[in-house]
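The values are calculated or read from the model by the stated rules, or taken from the named source; none is laboratory data. Since we're looking at a predicted model, the values are computed, not measured. Reconstructed Cβ throughout: ideal geometry from the backbone, glycine too, with neighbour counts over all protein chains shown.
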Amino acid sequence: MINFGYTAHKERLIDYDKNDKRVLEHLKKHEPSVLTCIACGSCTATCSAGQFVDFNIRLVQTLLRRGEIEPLKQEIRKCMLCGKCILVCPRGVNMRNLILAIQTAIDKLK
Amino acid sequence: MINEGKKRIWKDYQKEIADDRYFYVRSCIRQNFFPASEKAFLRIMQEELKKDVFENAAHTTCSGIGYHSDVVPFDTTMTVIARQFSLMTESGNENLVTSCITSFGLYNEVLETWKHFPDVLKKVRGYLKTATGREFEIPKNVAHASDVIFRFRKEISAIGVNRLVHHETGRPLKVVEHIGCHYSKMFPSKGVGGAEYPYVLVGMVEEWGGEVIDYPERRHCCGFGFRQYLVRANRGYSLANSKKKFESMKPYKPDFILTNCPGCPMFLDRWQYTLSEMEGVTYGENGRGIPVLTYEELAGLILGYDPWDLGLQVHQVPVEPLLDKMGIQYDTSRKFLGKDGQDLGRPDAPSVLKFF
Amino acid sequence: MAKTVVIVGGGVAGMTAASRLADLGEKVLLLEREEEIGGHLRNWDRLFPNRRPGSEVLHDLKETLGNRVEIRCNESPGEIHSLQSSFIVELESGEKITCDAVLMATGFDLFDARRKEEYGYGIYDNVITSADLERMLRSGSPVTTSAGKAPSRVGFVHCVGSRDEKAGNLYCSKVCCVTGVKQAIEIKEHLPGSEVFGFYMDLRMYDRHFEEMYYEAQQKWEINFLRGRVSECAENEDQSIVLKIEDTLTSRPLKMTVDLLVLLVGFVQKPETVRIAKLLGISIGEDRFLECLDEHTRFNYTGKPGIFVAGTSRGPLTIANTIADAGEAALQIHNYLKTLK
Amino acid sequence: MDRLYDMLSADVRFKEGLKACLHCGTCTAICPAAEFYNYQPRKIVEILQTKNEEEIEALLKGDMIWYCGECMSCVTRCPRGNAPGLLITVLRGLSQDLGYFTESEKGRQQLAIKRTVGEWILEYGYCMFPSEVRPEAHPEQGPVWKWEVEHIEEVMERLGANYAKTGPGILRKVPDEDLQELKKIFDVTGGTRRFEKIEACSRQKAEEMGMELTDSLDSEYVHHIYTTNDPKHTAAE
């Protein structure tokens, strides 16, 4: 094999067909409010953890829905579970419970 | 796929292509990597079609690769292009035909800029005058060399001796066409067939008996990306884009890839070799690659030119499987000989990609 | 032959205005190009937001109209000549009708989706428009792919031909968002096992019950909305459609395969309306819709005495808005006619 | 100092390329660079639209503007007539003219391009020449290219070129008087000035980084910028 000094870059795109939607399916049953997010960003705006670290709690929703499980695992770790997001959500999404349920689902579906 | 729908779009994008008396400007990449294609273009135009094609020794690069890798400013590139126009004007010509797609795109971009910003044109006239004392006229017609071959595809077919069909089974050969991004993505009306379903190569393939395959990543760039190939650290980008195309076209089992851009055939050819050495993958039949042709090489094969006169020996992905399907005779022992039959040795065989 | 008012177009606006004018005792001639009155409503299965059958509304409109006005189908004006304070409408059949006022209720055309070449309508078998889907739903036959199979994944592309300078239409067509949500729900009603996606830039759920329907679509029907304009479609070997968007909420490109892709086509002005407008010397906006004298207070006036406008020939409107607009136009025409007496 | 936004706006390509973005993502959706770099053309337009000087300066000094491949696929699709690819050309130009390009890893690569393609244009009248595409620097060109270069005159003769000779034809020697005209165009139009700027800024940067930079392509600094590729640019393995 020849050393070319580089390799083909990895794709950054979301290949939806190949992604794992099992966690989402689990969540639809255990925290059905997951369905109603409109990506308004109210949660991110008020997020306690987001003030200190690079954390966008709105993205947790989005990654979950796209089946992007690896980045999702990284993101949920950053949540402080303070629950402020629940107070501001205009669509009644229980983000705090959602994050706990995601962790449970990931552990269960491993 | 509903072919009628494409035909309707093709009808909307008819462009004027001059009939004769072309001022020809060459391509840097093609002269380096596919020199015989330019040779074939002139042979087809002058000997077969009896057209006047003028070339001037004084013309240079349009500086396009320098411009698109951003080391050459726009003013400089516009003035270099103005100088090419000046040589055209000086030789009494008004129909410009470019061998290069980057050039073709740039000539169009520059002409559009001048149309919208007459002050810029005035400035460039001043630059050229100061630098060289030259003046110029704007060409009446700008075409890419593939437009010209497209225009005469029926004439070529009429005098051709080979067809794009399997010589034993009569099956139309399956062709993947790849259009250079700068052909019509910026100005859809400047390309035959527009930007989404360009017809320039499809028209040739259909006329010459083949069948075009429309695969999902057809419109995607080959990945040249100028600076993305020119600097080694970035080449993974270039490679990844071609790889994406190969993986998308592979299930359709194309007999070959047809291109109209200088860089694309080189990359689509070389990256197949690179991927074979790097990842052990090949995209053609039985450990071979998918042959990649320029439109002049293809026209030359249709006209019965010797494959080694067309420069098919300098492809890293061997084209012999295609020649065999078309029933074209070739002399393997002469593949790597010099002009007068001198022995030049032969290239090393790649370790994965089947070569000999 | 003398008539008080000639209404050009027998769709929702034309039918409504004709009824109201008849209520007010005016003598009306209603011209309809097609063989039947009803306009686009004839082709629509169910209506947003409550998903009642369109035929009910059409029936209501027709019943209100009764036979109080003269209706000519398969007929449209060739020439219209302005006199001192009246008009001569020359029909294509050659007949000449004198009237005191003309109401332009010419409606709209759906955007020709073939013009968004990158979506492949008319090229890829499984790319259809919202109107095609409506026809499928109206026929009562199951929703299928071109191969006759039930689609397991369906996508809806918002803003096709709207909010698009390349298509020559910078404006929003207003009703496609809600139509898309309605149709997405209908797909789920027909095919509960399917996955349904909407690709949008903004969901403009501006009217009463619209936002609630969007909520229902998400919560009850589990319809997925992805924020990103579809950039390109291509056909796979099995004739499914692979589409590319930017998932703008993650800022990453996204690729997805769907079995059926529905293009939510917007409103465009009819070329015929532009021709008549030029004939009458009434102004046309940059968006080619008819201009009115004042968008807030005098929206049925064209600026040319005796020539009025109602409905979607002056811009995208819902059915309910069209009916309100046409009613107002009838009243304004009635008031105008009084000034002539 | 002039505002950066005004300097960008002075370029006709900027006027052509920046209308009003509605963040629909049609550009990023099909952008080859967005797929293989941590990059979105939409972000470029978003930043420019803010006219925020600090953000524009960060853009000019950062890696982001160097990811684009200038394929212009974005131009075909934008529903608002923006041309992110064209804006990139203006940003890259200004980044070099202000000497900001050496602040980023990808920007520093401009020296390698100037010293190859840039200089070949003036030396040969072509953007490249076979003797410069050295097989050892371009293993991806494969054994056939290596064979070609080893027998360049014979192979070019076989293929019908007029290799390095006078008169018209393929890879002919471009006459000296024409090369001089090309050089004068570069002098008059700012091409030479850009080359000099790239050299001067790179020398300064090399000194800062404690690397050797001579006129040779084999200098430590050139080698460094030609081969360094931080994993932050791309998706994780």
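Exactly one of these conditions fails for D:VAL174: (1) among the β-branched types (Val, Ile, Thr); (2) more than 7 Å from every other protein chain (Cβ to nearest Cβ); (3) touching a residue at least 40 places away in the same chain (Cβ under 8 Å). Give me its number.
(2)
Quick check on the range C:229-259: of everything there that is within 23 Å of B:TYR215 (Cβ to Cβ) and among the small types (Gly, Ala, Ser), which residue is farthest from the other protein chains (Cβ to nearest Cβ)?
So the residue we want is C:SER240.
Any idea which of C:SER93, C:SER152, C:SER85 is surrounded by fewer than 22 Cβ atoms within 10 Å (Cβ to Cβ), at pLDDT 95 or above and of a type in the set (Ser, Thr, Tyr)? Walk me through how you get there before you give the answer.
Numbers: C:SER93 fails: at pLDDT 95 or above; C:SER85 fails: at pLDDT 95 or above.
Testing whether each residue is surrounded by fewer than 22 Cβ atoms within 10 Å (Cβ to Cβ), at pLDDT 95 or above and of a type in the set (Ser, Thr, Tyr) leaves just C:SER152.
Here is a list of conditions, (1) surrounded by 15 or more Cβ atoms within 10 Å (Cβ to Cβ); (2) within 17 Å of the chain's Cα centre (by Cα); (3) not acidic (Asp, Glu), and C:VAL6 meets all of them except one; can you say which number that is?
It fails just one condition, (2).
Go through (1) facing another protein chain (nearest Cβ under 8 Å); (2) in a loop (DSSP other than H, G, I, E, B) for D:ASN162 and report which single condition fails.
Failed condition: (1).
Here are B:LEU301, B:LEU293, B:LEU310: which of them is more than 23 Å from A:ILE2 (Cα to Cα), surrounded by 20 or more Cβ atoms within 10 Å (Cβ to Cβ), without any contact (Cβ under 8 Å) to a residue 60 or more places away in the chain and not polar (S, T, N, Q)?
After ruling out the rest, the residue left standing is B:LEU293.
If A:PHE55 satisfies every condition in (1) without any contact (Cβ under 8 Å) to a residue 40 or more places away in the chain; (2) closer than 21 Å to C:ARG227 by Cβ; (3) within 14 Å of chain C (Cβ to nearest Cβ) but one, which is the exception?
(3)
Report yes if some residue within the range B:148-164 is surrounded by 21 or more Cβ atoms within 10 Å (Cβ to Cβ), over 18 Å from D:PHE186 (Cβ atoms), modelled with pLDDT of 95 or more and touching a Pro at 6+ places or on another chain (Cβ under 8 Å); otherwise report no.
Yes, the range B:148-164 has at least one match.
Can you name every one of the strands (runs of 3 or more DSSP E) wholly within the range C:125-227 that holds 3 or more residues which are within 26 Å of C:PRO53 (Cβ to Cβ) and out of contact with any Pro (no Cβ under 7 Å at 6 or more places or on another chain)?
Those strands (runs of 3 or more DSSP E) span C:153-160.
Looking at the range C:241-267 only, could you name the residues that are assigned to a loop (DSSP other than H, G, I, E, B) and either hydrophobic (A, V, I, L, M, F, W, C) or buried (at least 24 other Cβ atoms within 10 Å of the Cβ) (or both)?
Those that are assigned to a loop (DSSP other than H, G, I, E, B) and either hydrophobic (A, V, I, L, M, F, W, C) or buried (at least 24 other Cβ atoms within 10 Å of the Cβ) (or both): C:LEU249, C:GLY266.
Residues of the range B:182-191 being under 17 Å from B:CYS264 (Cβ atoms) and part of a loop (DSSP other than H, G, I, E, B), which ones?
Within the range B:182-191, B:LYS185, B:MET186, B:GLY191 qualify.
Only residues in the range B:158-175 that are free of Cβ contacts under 8 Å to residues at least 24 places away in the same chain count as the first member; pair them with residues that are among the hydrophobic types (A, V, I, L, M, F, W, C) and surrounded by 13 or more Cβ atoms within 10 Å (Cβ to Cβ), Cβ under 9 angstrom, at least 6 apart or cross-chain, and list the lot.
B:ARG171/B:VAL165
Being surrounded by fewer than 21 Cβ atoms within 10 Å (Cβ to Cβ) and either in contact with a His (Cβ under 8 Å, 6 or more places away or on another chain) or under 18 Å from D:GLY191 (Cβ atoms) (or both), is that true of even one residue in the range B:100-113?
Yes.
Looking at the range B:180-209, which of the residues that are among the small types (Gly, Ala, Ser) and crowded, with 24+ Cβ neighbours inside 10 Å is nearest to the chain's Cα centre (by Cα)?
So, considering only residues that are among the small types (Gly, Ala, Ser) and crowded, with 24+ Cβ neighbours inside 10 Å, the one nearest to the chain's Cα centre (by Cα) is B:GLY180.
Return the residues of the range C:133-173 that are under 22 Å from C:ARG46 (Cβ atoms), out of contact with any helix residue (DSSP H, G or I) (no Cβ under 9 Å at 6 or more places or on another chain) and not hydroxyl-bearing (Ser, Thr, Tyr); say none if nothing qualifies.
C:MET136, C:GLY140, C:GLY155 - these are the residues of the range C:133-173 that are under 22 Å from C:ARG46 (Cβ atoms), out of contact with any helix residue (DSSP H, G or I) (no Cβ under 9 Å at 6 or more places or on another chain) and not hydroxyl-bearing (Ser, Thr, Tyr).
Which ranges mark the helices (runs of 4 or more DSSP H) fully within the range D:1-75 that have 3 or more residues being in the same structural domain as D:GLY99 (by TED's automatic domain parsing), within 20 Å of A:LEU13 (Cβ to Cβ) and touching a residue at least 40 places away in the same chain (Cβ under 8 Å)?
Fully inside the range D:1-75 and qualifying: D:26-30, D:41-50.
Residues being touching a Ser or Thr at 6+ places or on another chain (Cβ under 7 Å), within 18 Å of D:CYS71 (Cα to Cα) and part of a helix (DSSP H, G or I): count how many of those fall in the range B:224-270.
Residues that pass the stated criteria total 9.
Look at B:VAL192 and say whether it is under 21 Å from B:ILE9 (Cα atoms) and touching a Lys or Arg at 6+ places or on another chain (Cβ under 9 Å).
yes
So C:VAL274 clears everything in (1) assigned to a strand (DSSP E or B); (2) surrounded by fewer than 19 Cβ atoms within 10 Å (Cβ to Cβ) except one condition, right? Which one?
Among (1) assigned to a strand (DSSP E or B); (2) surrounded by fewer than 19 Cβ atoms within 10 Å (Cβ to Cβ), the lone unmet condition for C:VAL274 is (1).
Restricting the search to the range B:279-301, which residues are of a type in the set (Val, Ile, Thr) and touching a helix residue (DSSP H, G or I) at 6+ places or on another chain (Cβ under 6 Å)?
B:VAL281, B:THR282, B:VAL292, B:THR294
Looking at the structure I just gave you, is A:GLU31 among the charged types (D, E, K, R) and more than 9 Å from every other protein chain (Cβ to nearest Cβ)?
So A:GLU31 passes the test.
Can you name the condition, by its number, that B:PHE117 falls short on among (1) in contact (Cβ under 8 Å) with a residue 12 or more places away in the chain; (2) over 23 Å from B:GLU296 (Cα atoms); (3) not acidic (Asp, Glu)?
Status for B:PHE117: all satisfied but (1).
Can you find, within the range B:302-325, the residue that is farthest from the chain's Cα centre (by Cα) among those that are within 14 Å of chain D (Cβ to nearest Cβ) and part of a helix (DSSP H, G or I)?
B:GLU320
Does D:ARG92 satisfy the condition of being assigned to a helix (DSSP H, G or I), basic (Lys, Arg) and farther than 27 Å from C:LEU226 by Cα?
It is true that D:ARG92 is assigned to a helix (DSSP H, G or I), basic (Lys, Arg) and farther than 27 Å from C:LEU226 by Cα.
Within the range D:119-128, can one find any residue that is more than 13 Å from B:TYR229 (Cα to Cα) and more than 10 Å from chain B (Cβ to nearest Cβ)?
Yes.
Exactly one of (1) in a loop (DSSP other than H, G, I, E, B); (2) touching a residue at least 12 places away in the same chain (Cβ under 8 Å); (3) not small (Gly, Ala, Ser) is unmet by A:LYS10. Its number?
So the condition that A:LYS10 fails would be (2).
Test of understanding: among C:ASP287, C:ASP325, which residue is assigned to a loop (DSSP other than H, G, I, E, B), among the acidic types (Asp, Glu) and under 18 Å from the mean Cα position of the chain (by Cα)?
Details: C:ASP325 fails: assigned to a loop (DSSP other than H, G, I, E, B).
Of the residues listed, the single one that is assigned to a loop (DSSP other than H, G, I, E, B), among the acidic types (Asp, Glu) and under 18 Å from the mean Cα position of the chain (by Cα) is C:ASP287.
With of a type outside the set (D, E, K, R), within 14 Å of chain D (Cβ to nearest Cβ) and within 15 Å of the chain's Cα centre (by Cα) as the only criterion, which of A:ALA39, A:ALA49 stands out?
A:ALA39
Filtering the range B:235-274 down to residues that are more than 7 Å from chain D (Cβ to nearest Cβ) and of a type in the set (S, T, N, Q), which residue is farthest from D:GLY85 (Cα to Cα)?
Applying the filter and picking the extreme gives B:GLN272.
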